[in-house]
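Since the structure comes first, as structure tokens, the remarks are kept for the end.
The values are calculated or read from the model by the stated rules, or taken from the named source; none is laboratory data. From a predicted model like this one, the values you see are computed outputs, not experimental measurements. FYI the Cβ positions are ideal-geometry reconstructions off the backbone, even for glycines, and counts take in every protein chain you see. Ligands, DNA and RNA are excluded from the accessible area calculation, which covers all protein heavy atoms including side chains. Shrake-Rupley method; radii C 1.70, N 1.55, O 1.52, S 1.80 Å.
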Amino acid sequence: MASVEIRKENGLALVKIDNPPVNAAGYSVRSGLVNAVRDLAGDETVRVIVLYAAGRTFVAGADIREFGQPPKQPVLPEVCEILEASAKPIVCVLHGTTLGGGLEIALSCHARVGIKGLRLGLPEVNLGLLPGAGGTQRLPRLVDGQTALTMITSGKPVSANVALDAGLLDDLQEGDPEAVALAAGQKVLDGTLKTRATADQDNRLSADVIDAFRGKITGEVAERALKAAEASNLPLAEGLKIERELFVEAMGSNAHKGLKHAFFAERAVAHIPEAKAEARELTSGGVIGGGTMGSGIATAMLLAGMPVTLVEMEKDRVDFARNTITKNLAGAVQRSKLTEAQRDTALAALTCTTDMAALADVDVVIEAVFESMEVKQEVFGKLDEVCKHGAILATNTSYLDVNEIASTTTRPKNVIGLHFFSPAHVMRLLEIVVGKETAPETVATCFKLAKKLRKIAVRAEVCDGFIGNRILAHYLKSTSYMHLDGAPFDQIDTALEEFGFAMGPFAVSDLAGLDIGWATRKRKAAFRPSQERYVEIADRICEQGWFGRKTGKGFYLYDGKTRSVNPAVAEFAQAERNAKGITRRSFTNQKIVDRYMAAMVSEAARVVEDKIALRPIDVDAVFLFGYGFPRVWGGPLQYADMTGLDVLVQRIEAYAQEDPYYWQVPDLLRELAEAGKTFGDLNKVA
Ligand code: T1G
């Protein structure tokens, strides 16, 4: 089926774009549009051309899958110039999410009609790019400078009403695109809808607005987009030339590679082996345990419109849970994610009780009790008795063996790990941990639930810590080793924040609570291999009763909003160096990042090797959406590909001179490096 079809009627030519799922402006759409305009140019029966699209949206941008491949002519800038130069007026009808190249096509038409619910934007900066088909030149000729620069440098879409008020749309209608297209064409024919070439409009972007923006935007991506928009003060042809040069520059940037990878990581993880299994609709939920995680999970289900039954052991714990959920929902109202009416509806759908039998009819129960195997097995034994046939029994454990938990029930096929990240009603990541007896239907059903909860679900097999926490446990050791060897912990935090992490590892540990890590170290002490280095600084801190923010002291000191380095930590570190005969040495910020990332990549490669994650891109998604990994690097294994696998092998081999036990080159990493392959190649085959 052609991606562009023409139907002629009463002097109108209706040109329909149809390229599911989002009418991306791939080669077939571009060549189809050019052929349509050329064919209609000589057709005397046609006086007005109307462009619209089938499906859920008008063109949602250039086809991102074509990026990085040799461009097939006609390229989008050429398509836009041909549309704009058409002697016959072209009106376009926009619906859904008209984004990037889709909006640029619209800007090249001679009038724009929106359909209610439409959102319009230039999100190219979210891909490390800038509008490359005239968006930075034509938009400032249609709307005021402020609106234009906001859309171009932030990538944020605007609503149809804002677009209408700004002059980006000439009309706003309701109805299906084809009907609106016919009416719009008729209005042009009878002169009630004016048409004009954007190129003929005066630029409305003043130097003051540009200077004001220059002062508040940060980063190479936004600065490059601003530079392109600034060229809109030149004649259009010259401005378009400058935009193109900057666009090509952006296409070659690491930021684009990382951000494009992050775009696809978010979507690739939905492709799972169980995708064809029957996914049931889960309409009601239960939660066991009303602590921070349990209350967050209950809030997430309420926000998704599910009635929730939360069970706690004692009355005061029941009240604590209801208060926490009430606060969570109030926070959502404050962030304008929820109206007060919606909050009240959600609260009315919440039942908090000490009675386990109240879970008899729910479709899914998520257990979020204390991280002890005994306690969890006891809870699952009871759930097995009270829950209806077919109910899904899920555990929110962040590292315990899901198979061992399932083994205490008569229905291990309905048992699964649903590992949320704190705060559970905010963090987008959900690790779905598949036990050896978990049924494909249970997996598929939970992926469907994740979509309902607006989570990005990543499939993981069972091991200690699954994907994220297993890798975290390994690379965090590299930070304590660097600290003991001489790098001040706050320098390590600064280096990683400059690299792009929202918060450095020591500050994160203080936020999460140092007692959690302490308990984990104690739990693992009996199994710690003798060759493994062990750093005691954090134990010294915890022995003082200092557990981070919640106690006002940890690695840092917290006084209200101010944070300062805890001087005692340096003393603990020097004392341990003296005791172990370690001569202090310095690290540059880059060296710190190199070691941290080499450690992360090492364990990430082993997680793929061990088939705990389906693909390298699944590991990247876990870190992008659950561990604050900087999007411009696309995730730890995309970072590895961008850095060069051979470079990482050399670095790890160099570090291994100091510590051959901790620093070992994973077989998968060495094999790929020697074969001249990348982790990206493994994403393609899986
Ligand atoms: N190109 C190719 N595939 C795309 C695509 C695109 N632009 N947009 C979406 N898809 C695929 C996506 O991978 C998924 O595939 C399916 O469509 C459904 O998407 C010159 C250079 C439109 C708001 O950045 O923001 O134009 O996983 O699951 O949640 O200036 O997709 O099913 O196989 O996301 O309803 C600018 C990107 C490009 C928009 C729909 N445009 N897309 O969200 O569905 S750069 C964008 C989105 C550009 C020019 C420049 C969203 C959406 P699969 P989905 P959704």
Exercise for the section: Could you state the angle between the C-alpha long axis of helix 292-303 and the longest principal axis of the C-alpha atoms of the chain, as a value from 0 to 90 degrees rounded to the nearest 10? Expected result: 30 degrees
Exercise for the section: Once you have a ≥ b ≥ c as the square roots of the Cα gyration tensor eigenvalues for region 40-89, tell me rounded if a/c is under 1.5, and otherwise prolate or oblate according to whether a/b is larger than b/c. Expected result: oblate
Completion exercise
Answer in debye to the nearest 20: the dipole magnitude of region 182-313 about its Cα centre, from +1 Lys/Arg and -1 Asp/Glu charges placed on Cβ, is 200 debye
Completion exercise
Interchain or sequence-distant (5+) residues whose placed amide H lies within less than 5 Å of the amide H of residue 118 are 96, 160
Handout entry: Net dipole in debye of region 371-518 [+1 Lys, Arg Cβ; -1 Asp, Glu Cβ; about Cα centre; nearest 20]
Key = 1020 debye
Problem - Under Karplus coefficients 6.51, -1.76 and 1.60, residue-wise ³J(HN,Hα) of region 3-8 in Hz, glycine/proline x - result: 7, 10, 10, 10, 9, 9
Fill in the blank from the handout: Amide H proximity to residue 429 below 5 Å, modelled H, separation 5+ or other chain, gives 456
Problem - Eligible lysines near residue 187 by straight Cα distance, threshold 30 Å, same-chain separation 8 or greater - result: 8, 16, 88, 116
Problem - Amide N of region 571-593 lying under 15 Å from the label point, which is placed 7 angstrom from the Cα of residue 654 along Cα→Cβ - result: 586-593
Completion exercise
Taking a crude spin-label model, label points 7 Å out from Cα along the C-beta direction, the residue 208 to residue 44 distance in nm is 5.4 nm
Exercise for the section: Just need the relative contact order of region 501-584 here, percent rounded to a whole number, with Cα pairs under 8 Å and 6+ apart. Expected result: 26 percent
Handout entry: Positive-pole candidate from 320, 634, 201, dipole of the chain, charges at beta carbon
Key = 320
Problem - Long-range HN-HN contacts of residue 53 with modeled amide H, under 5 Å - result: 17
Handout entry: Computed [θ] at 222 nm, deg cm²/dmol, the chain (DSSP H ≥ 4; -39,500 (n - 2.57); rounded to nearest 500)
Key = -14500 deg cm²/dmol
Handout entry: For region 236-341: relative contact order, % (alpha-carbon pairs under 8 angstrom, 6 or more apart)
Key = 19 percent
Practice task
State the answer as a single residue: which of 444, 292, 26 lies farthest towards the positive end of the charge dipole of the chain, with beta carbon charges of +1 for Lys and Arg and -1 for Asp and Glu, about the Cα centre.
Solution key: 292
Practice task
Pull out a ≥ b ≥ c, the square roots of the eigenvalues of the alpha-carbon gyration tensor of region 6-125, then state rounded if a/c is under 1.5, prolate if not and a/b is larger than b/c, and oblate in the remaining case.
Solution key: oblate
Problem - Test item: Cα-centred dipole of the chain, Lys/Arg +1 and Asp/Glu -1 on Cβ, debye - result: 340 debye
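Considering every pair of different Cα atoms, what Kirkwood radius, in Å, is found for region 543-686?
17.6 Å
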Problem - Convex hull volume per residue for region 93-186, taking Cα atoms only, in Å³ - result: 80 Å³
Completion exercise
Expressed as a percent, the accessible surface of the chain that is carbon or sulfur, using a 1.4 Å probe and the full set of protein chains, is 54 percent
Handout entry: Per residue accessible area of the chain, 1.4 Å probe, in Å²
Key = 42 Å²
Practice task
Could you run the Karplus curve 6.51 cos²θ - 1.76 cosθ + 1.60 with θ = phi - 60° over region 536-549 and give me ³J(HN,Hα) per residue in whole Hz, x for Gly and Pro?
Solution key: 9, 3, 5, 5, 4, 5, 5, 4, 7, x, 9, 10, x, 3
Practice task
Work out from phi, with θ = phi - 60° and the Karplus expression 6.51 cos²θ - 1.76 cosθ + 1.60, the ³J(HN,Hα) of each residue of region 67-79, listed in order in whole Hz, and give x for Gly and Pro.
Solution key: 4, x, 9, x, x, 8, 6, x, 7, 4, x, 5, 4
Completion exercise
Cysteines of the chain without any disulfide-compatible partner (other Cys Cβ under 4.7 Å) are 80, 352, 387, 446, 463, 542
Problem - the chain - Kirkwood radius from inverse mean 1/r over Cα pairs (Å) - result: 28.0 Å
Practice task
Compute the FRET efficiency between residue 544 and residue 642 as 1/(1 + (r/R0)^6), taking r as their Cβ-Cβ distance and R0 = 60 Å, and round to the nearest 0.05.
Solution key: 0.90
Problem - Normalised contact order of the chain, rounded percent, pairs of Cα under 8 Å and 6 or more residues apart - result: 9 percent
Exercise for the section: Mind checking the full-extension length gain between residue 335 and residue 577? Use 0.36 nm per residue of separation minus the Cα-Cα distance, one decimal, nm. Expected result: 82.4 nm
Exercise for the section: Would you mind calculating the gained length between residue 233 and residue 360 on full extension (0.36 nm times residue separation, minus the Cα-Cα distance), in nm to one decimal? Expected result: 38.9 nm
Handout entry: Distance in nm between pseudo-label sites at residue 454 and residue 503 (7 Å out along the Cβ direction from Cα)
Key = 2.2 nm
